[in-house]
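The values are calculated or read from the model by the stated rules, or taken from the named source; none is laboratory data. Note that this is a predicted model, so its numbers are computed, not measured. A quick note on method: Cβ atoms are made from the backbone with ideal geometry, for glycine too, and the neighbour counts reach across all protein chains shown.
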Amino acid sequence: MTRRGVSDWIFLALWLITGLLAVGEHFVVRAEERLAQELTRELDRAAAALDEGDWTLALETAGRARRVWETARERLALHAEHQRLEAISEALLEAEALIAARSGAAGGLLVLARERIKGLPEQHRLSWSNLF
Amino acid sequence: MLIIFVRVVILYLTLLLFLRILGKRQVTTLQPYELVTLILFADVAAISMADTGTPLMNGVMGVFALLVVSFTVSYVTLKSARARAVISGRPTVVVANGKIVEDAMLELRYNVNDLLEQLRIGGYPNIQDVEFAVLETNGQLSIVPKSQHRPVTPADLGVATQYEGLPTPLIVDGEVDHRNLARIGLDMDWLRGQIRTHGVDDTRAVLYAAIDTQGRFYCQPRDGAVQGRGQTGERAEA
């Protein structure tokens, strides 16, 4: 590579990396969507169990959802706002604790956690609302 | 605290690497787009350094985005004169044939006091001594004095001068530059012989040694390296 060609190569390399990052971001958002769908299913199942008065199933399902979330959270912390992740963790933990205490307020927290999780992929999508 | 320390180290190394890629001009005379990059670099990095609630990748990505944009702009200005004119502007003649160009001054919103100040800084307190003054795209004023006010050069006096070139450093801070030594066709035996004439046996005891294009060897031993001879910074013909 000649010295004259260095600029051309750096220019190409930078835009190649940018392209790869854009593709990577697409897959990250897809993975977040899949996670959100999985957790939404679990939380809906827990809410349904609550409606039926099956506290044991609700506790088991909410606990499983929280464990799945906590495992995924480590990866998400690399690029998502830590405050948002913490808010979801807190909602899930509180919901689990309220179910364990057989409190009817647990349903509200399950819905809150579900909506926050569903909103996670949205904040990383390249959209006008996110840009401005 | 440790988190902040590690974040600062990571962002510092990232910025340093990116500034090296951007080139030397980034830290000396700045074009407008270069200045913007530097200002933003500091801000983007600082936010990620201090705010541990923000993912570190956000900071790295911000700095990377700046690198890509800045490099692209400088690349485009390198390849296209028209783009260069749009992005960096064009140099403007503010003094022509010893007269202030009023239109150019108005266009630039450059007042006479600023012009006189820059001329004084440039060593020309009297505008009558100036033939041309050009405001460059990086904000510096280039001054071309009238021929009778230009410093006298050997060429004006008809004096012949020899080629000087650049001296080649051979030892810097005790470290021998083997590449330079090989480039000028010399070896370690020659170098050791030279430093011995300056009272030093070990190259590590030399602070700086160089040879110029006339073959004159310069050697400055470290303080205290030469016992009872007191010779520093001496030249010897190679």
Looking only at residues that are within 9 Å of the chain's Cα centre (by Cα) and in contact (Cβ under 8 Å) with a residue 24 or more places away in the chain in segment A:71-83, which one is nearest to the other protein chains (Cβ to nearest Cβ)? A:Ala80
If B:Gly89 meets every condition in (1) at pLDDT below 90; (2) in contact with a Pro (Cβ under 8 Å, 6 or more places away or on another chain); (3) exposed (fewer than 15 other Cβ atoms within 10 Å of the Cβ) apart from one, which number is that one? (3)
Only helices (runs of 4 or more DSSP H) wholly contained in segment A:80-132 count here; list those with 3 or more residues that are among the basic types (Lys, Arg) and surrounded by 13 or more Cβ atoms within 10 Å (Cβ to Cβ). A:106-124
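Pull up segment B:99-113, narrow it to residues that are at pLDDT below 90 and surrounded by 12 or more Cβ atoms within 10 Å (Cβ to Cβ), then point me to the one that is farthest from B:Arg150 (Cα to Cα).
Quick first cut of segment B:99-113, residues at pLDDT below 90 only: B:107-110.
Retained after the next criterion (residues that are surrounded by 12 or more Cβ atoms within 10 Å (Cβ to Cβ)): B:108, B:110.
Values: B:Leu108: 27, B:Tyr110: 26 Å.
Ranking the candidates gives B:Leu108 first.
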Those residues that are small (Gly, Ala, Ser) and in contact (Cβ under 8 Å) with a residue 12 or more places away in the chain, I need them from segment B:66-98; list them, please. B:Ser70, B:Ser74, B:Ser88, B:Gly89, B:Ala96, B:Gly98
Would you confirm whether or not segment B:46-62 contains a residue that is more than 14 Å from chain A (Cβ to nearest Cβ), surrounded by fewer than 15 Cβ atoms within 10 Å (Cβ to Cβ), modelled with pLDDT of 80 or more and not in a loop (DSSP other than H, G, I, E, B)? yes
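Any residue at all in segment B:145-161 that is surrounded by 14 or more Cβ atoms within 10 Å (Cβ to Cβ), in contact with an Asp or Glu (Cβ under 7 Å, 6 or more places away or on another chain) and not charged (D, E, K, R)? Spell out the reasoning first.
Quick first cut of segment B:145-161, residues surrounded by 14 or more Cβ atoms within 10 Å (Cβ to Cβ) only: B:145-146.
Next, only the ones that are in contact with an Asp or Glu (Cβ under 7 Å, 6 or more places away or on another chain) stay: B:145-146.
Those left that are additionally not charged (D, E, K, R): B:145.
Scanning segment B:145-161, I find at least one residue that is surrounded by 14 or more Cβ atoms within 10 Å (Cβ to Cβ), in contact with an Asp or Glu (Cβ under 7 Å, 6 or more places away or on another chain) and not charged (D, E, K, R), so the answer is yes.
Out of the residues in segment B:63-73 meeting the condition of being of a type in the set (A, V, I, L, M) and under 12 Å from B:Leu15 (Cβ atoms), tell me which one is nearest to the other protein chains (Cβ to nearest Cβ).
Here is the first cut: in segment B:63-73, the ones of a type in the set (A, V, I, L, M) are B:63, B:65-69, B:73.
Okay, now just the ones that are also under 12 Å from B:Leu15 (Cβ atoms), so B:63, B:66-67.
Numbers: B:Val63: 13, B:Leu66: 11, B:Leu67: 7 Å.
The qualifying residue nearest to the other protein chains (Cβ to nearest Cβ) is B:Leu67.
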Only listed residue being within 11 Å of the chain's Cα centre (by Cα), part of a helix (DSSP H, G or I) and either more than 18 Å from A:Leu85 (Cα to Cα) or away from every other protein chain (no Cβ under 14 Å) (or both), chosen from A:Arg30, A:Arg45: A:Arg30
Among (1) farther than 30 Å from B:Lys79 by Cβ; (2) of a type in the set (Ser, Thr, Tyr); (3) within 10 Å of chain B (Cβ to nearest Cβ) - the single one A:Thr40 does not satisfy: (3)
